[in-house]
Amino acid sequence: MEQSLSVTMTVNGAQVTRSVPARQHLVDFLREELGLTGSHLGCEHGVCGACTIRVDGEIVRGCLMLAVQANGCRVDTIEGLSDSKELEKLQAAFHRRNALQCGFCTPGMLMAAQDLIRNGKKATREEIRAYISGNYCRCTGYQAIVDAIEEVIHG
Amino acid sequence: MKAPSFAYAKPRSLAEAFELLERPGAKILAGGQSLIPSLNLRLSSPELLVDITAIEGLKGISLKNGTLRVGALCTHTQVERSAEVSEHLPLVAEAVSHIAHPAIRNRGTLGGSLALADPAAELPACAVALDAVLVVAAKKGERRVSAADFFKGLFETDLKSGEILVGAEFPKAGKSVFLELARRQGDYAIVGLAAVSRSNEKRIAFFGLGSKPVLLKPKSLEEAKKSLPVPAADLYHSASTKLHLAKVLLERAWNSL
């Protein structure tokens with residue numbers, strides 16, 4: 001018998017309580033239990049960054065955290081940050097600069113880039129590249145993504 | 001892939017954790033940044049995960065008599081942002097910035113990195129170079145192990161079943177240098193070193209070179225070059241490439257120590 005555990009967390013501002021299997025990771029929980037399919041699953045072992053979400057205000061790999069470990073935490077996903085307009089400028093810059101093609105990496109890329117933007121430092125292109133080095137994009141070659149992030153940081 | 005089935009418990013105290021660790025197939029979960037990938041890849045199949053992250057005694061950074069004690073549960077980000085670490089342990093502050101990516105550094109812990117003993121990891125080499133003392137707790141009490149004795153081999157440490165690494169004590173260094181070569185930012189090191197200079201001794205610990213940190217205490221650069229072991233090749237680099245790169249880093253470090 002698989003062990004089920006009760007978890008309560010605040011997802012995009014709303015409190016949810018569910019029973020989860022111990023082995024379920026946080027992104028499967030968000031996608032399958034809550035229908036929040038904006039966080040993507042690529043490699044499922046922490047390499048690709050497509051599942052990047054915020055837990056208690058810090059970005060994490062959603063596939064490397066069990067849903068039960070988020071008990072009592074505040075979780076913010078691409079849906080929440082998009083609805084709150086926090087990502088408005090970045091999304092517009094991605095659109096304008098053609099910083100996505102298939103779009104699979106985009107939610108994770110936006111979460112990582114916004115984390116850099118909100119720390120307020122005037123990052124150089126090299127620093128932007130280093131910051132998003134944990135987010136893989138197989139379409140764009142990164143140039144346009146760095147352009148978009150640079151545009152938001154430097155105005 | 002998805003992790004195999006396991007049970008989960010989150011003790012509030014060390015005493016409770018020791019009880020849980022006596023159960024068959026129990027394994028410690030801290031930040032999970034190495035354990036959860038190995039579960040998802042089904043390389044590991046514990047019966048019970050004991051999540052130690054609620055144990056308060058394993059957190060925090062404190063300075064006492066010139067020694068900085070870092071709790072096992074401190075994340076790499078906490079270490080990276082710590083003013084005390086930047087001031088007293090610049091070697092470690094520099095090293096953590098090379099560990100993976102921000103999203104992983106926000107969860108991964110100092111204790112987890114030391115207890116896993118990945119041969120390409122930064123922190124075990126720093127601990128060995130600084131001559132750190134690792135504090136290990138078990139039901140019957142606490143013991144202290146020098147970093148040089150703690151790392152036994154490939155993913156192998158002195159930790160016995162039922163024991164928990166609770167923290168590490170790092171003595172300050174005079175001068176220090178941290179260098180790492182990786183194919184991309186955040187990748188596992190091809191080779192790297194943590195070097196420390198104290199009074200008239202130089203301690204240089206290499207990672208990515210052997211099955212555990214390789215410590216040299218050379219009197220001269222020539223002696224250091226000669227005493228480097230022949231490394232094992234990895235997927236992308238031959239033994240001679242790695243040895244060459246180790247010598248390049250060694251020379252750079254020597255000149256700034």
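The values are calculated or read from the model by the stated rules, or taken from the named source; none is laboratory data. Source: prediction; values computed, not measured. Glycine also receives a Cβ, built like all others from the backbone with ideal geometry; neighbour counts cover every protein chain displayed.
How many residues are assigned to a strand (DSSP E or B) and under 21 Å from residue A:37 (Cβ atoms) if we restrict to region A:3-13?
4
Return a yes/no flag: does region A:89-107 have any residue that is touching a residue at least 12 places away in the same chain (Cβ under 8 Å), more than 10 Å from chain B (Cβ to nearest Cβ), part of a loop (DSSP other than H, G, I, E, B) and buried (at least 24 other Cβ atoms within 10 Å of the Cβ). Please lay out each step first, then the result.
So in region A:89-107, the residues touching a residue at least 12 places away in the same chain (Cβ under 8 Å) come out as A:89-91, A:93-94, A:96-102, A:104-107.
In the following step, the residues that additionally are more than 10 Å from chain B (Cβ to nearest Cβ) were identified as A:89-91, A:93-94, A:96-102, A:104-107.
With part of a loop (DSSP other than H, G, I, E, B) added as a condition, the list becomes A:97-102, A:104-105.
Going one step further and asking which of them are buried (at least 24 other Cβ atoms within 10 Å of the Cβ), we end up with A:99, A:105.
Yes, that holds for at least one residue.
List the number of the failed condition for residue B:203; all other conditions in (1) of a type in the set (D, E, K, R); (2) outside any strand (DSSP E or B); (3) buried (at least 18 other Cβ atoms within 10 Å of the Cβ) hold.
(2)
Could you list, in sequence order, all residues of region B:63-90 that are among the aliphatic types (A, V, I, L, M) and under 18 Å from residue B:146 (Cβ atoms)? Break it down into steps so the answer makes sense when it comes.
Residues of region B:63-90 among the aliphatic types (A, V, I, L, M): B:63, B:68, B:70, B:72-73, B:79, B:83, B:85, B:89.
Correct list: B:68, B:70, B:72, B:89.
Results for (1) assigned to a helix (DSSP H, G or I); (2) loosely packed, with under 13 Cβ neighbours inside 10 Å, shown as yes or no for each residue.
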{"residue": "B:215", "(1), (2)": "no, no"}
{"residue": "B:218", "(1), (2)": "no, no"}
{"residue": "B:225", "(1), (2)": "yes, no"}
{"residue": "B:231", "(1), (2)": "no, no"}
{"residue": "B:235", "(1), (2)": "no, yes"}
{"residue": "B:250", "(1), (2)": "yes, no"}
{"residue": "B:253", "(1), (2)": "yes, no"}
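In region A:108-155, which residues are part of a helix (DSSP H, G or I), crowded, with 17+ Cβ neighbours inside 10 Å and within 15 Å of the chain's Cα centre (by Cα)?
Once the filter is applied, which keeps residues that are part of a helix (DSSP H, G or I), crowded, with 17+ Cβ neighbours inside 10 Å and within 15 Å of the chain's Cα centre (by Cα), region A:108-155 yields A:108, A:109, A:110, A:111, A:112, A:113, A:114, A:115, A:116, A:117, A:131.
So which residues in region A:75-96 are closer than 30 Å to residue A:4 by Cα, out of contact with any Lys or Arg (no Cβ under 8 Å at 6 or more places or on another chain) and of a type in the set (D, E, K, R)?
Residue satisfying the conditions is A:79 alone.
Do we find that residue B:115 is assigned by TED's automatic domain parsing to the domain that holds residue B:158, crowded, with 23+ Cβ neighbours inside 10 Å and in contact with a Leu (Cβ under 8 Å, 6 or more places away or on another chain) in this structure?
Numbers: assigned by TED's automatic domain parsing to the domain that holds residue B:158: yes; crowded, with 23+ Cβ neighbours inside 10 Å: no; in contact with a Leu (Cβ under 8 Å, 6 or more places away or on another chain): yes.
Judged against the criteria, residue B:115 is not a match.
When you go through (1) of a type outside the set (S, T, N, Q); (2) crowded, with 23+ Cβ neighbours inside 10 Å; (3) touching a Phe, Trp or Tyr at 6+ places or on another chain (Cβ under 6 Å) one by one for residue B:158, which number turns out not to apply?
(2)
For region B:174-232, how many residues meet the condition of being within 18 Å of residue B:256 (Cβ to Cβ) and out of contact with any strand residue (DSSP E or B) (no Cβ under 9 Å at 6 or more places or on another chain)?
Of the residues in region B:174-232, 7 are within 18 Å of residue B:256 (Cβ to Cβ) and out of contact with any strand residue (DSSP E or B) (no Cβ under 9 Å at 6 or more places or on another chain).
Take region A:1-15 and flag every residue that is modelled with pLDDT of 95 or more and either surrounded by 15 or more Cβ atoms within 10 Å (Cβ to Cβ) or more than 18 Å from residue A:75 (Cα to Cα) (or both).
Our first condition is that a residue be modelled with pLDDT of 95 or more; within region A:1-15, this holds for A:5-15.
Those that are modelled with pLDDT of 95 or more and either surrounded by 15 or more Cβ atoms within 10 Å (Cβ to Cβ) or more than 18 Å from residue A:75 (Cα to Cα) (or both): A:5, A:7, A:9, A:10, A:11, A:12.
If you scan region B:47-60, which residues turn out to be surrounded by 23 or more Cβ atoms within 10 Å (Cβ to Cβ) and within 11 Å of chain A (Cβ to nearest Cβ)?
B:49, the sole residue that qualifies.
List every residue pair whose Cβ atoms sit under 9 Å apart, with the two residues 6 or more apart in sequence or on different chains, where the first one lies in region B:101-112 and is more than 9 Å from chain A (Cβ to nearest Cβ) and the second, anywhere, is acidic (Asp, Glu).
Sorted first by the residue in region B:101-112, then by its partner, the pairs are B:105/B:80.
Select from region A:128-143 the residues that are farther than 18 Å from residue A:93 by Cα and either more than 10 Å from every other protein chain (Cβ to nearest Cβ) or in contact with an Asp or Glu (Cβ under 8 Å, 6 or more places away or on another chain) (or both) and list them in ascending order.
The answer is A:136, A:138.
Filter region A:31-69 for residues that are more than 11 Å from chain B (Cβ to nearest Cβ), over 15 Å from residue B:2 (Cα atoms) and part of a helix (DSSP H, G or I) and give the result.
Listed by number, the list holds a single entry, A:33.
Select from region B:8-41 the residues that are part of a helix (DSSP H, G or I) and among the small types (Gly, Ala, Ser) and write down the one among them that is nearest to the chain's Cα centre (by Cα).
Let us first name the residues in region B:8-41 that are part of a helix (DSSP H, G or I), namely B:14-21, B:35-40.
Filter once more, keeping what is among the small types (Gly, Ala, Ser): B:15, B:17, B:38.
On the way: B:15: 25, B:17: 22, B:38: 18 Å.
Among them, the one singled out is B:38.
Restricting attention to region A:14-30, report how many residues are more than 30 Å from residue B:187 (Cβ to Cβ), away from chain B (no Cβ under 14 Å) and not in a strand (DSSP E or B).
0
Could you list, in sequence order, all residues of region B:8-36 that are buried (at least 21 other Cβ atoms within 10 Å of the Cβ) and facing another protein chain (nearest Cβ under 7 Å)?
Answer for region B:8-36, where residues must be buried (at least 21 other Cβ atoms within 10 Å of the Cβ) and facing another protein chain (nearest Cβ under 7 Å): B:32, B:33, B:36.
Kindly check whether there is at least one residue in region B:81-93 that is free of Cβ contacts under 8 Å to residues at least 24 places away in the same chain and basic (Lys, Arg). Give the derivation first.
Filtering region B:81-93 down to residues free of Cβ contacts under 8 Å to residues at least 24 places away in the same chain leaves B:81-84, B:86-87, B:93.
Add one more test, that the residue is basic (Lys, Arg), and what stays is B:81.
Yes, the conditions are met somewhere in region B:81-93.
In the set B:44, B:5, which member is surrounded by fewer than 21 Cβ atoms within 10 Å (Cβ to Cβ) and under 21 Å from the mean Cα position of the chain (by Cα)?
Working: B:5 fails: under 21 Å from the mean Cα position of the chain (by Cα).
It is B:44.
For the list (1) within 14 Å of chain A (Cβ to nearest Cβ); (2) assigned to a strand (DSSP E or B); (3) under 21 Å from the mean Cα position of the chain (by Cα), I need the number of the one condition that residue B:63 fails.
Checking residue B:63 against (1) within 14 Å of chain A (Cβ to nearest Cβ); (2) assigned to a strand (DSSP E or B); (3) under 21 Å from the mean Cα position of the chain (by Cα), the one that fails is (1).
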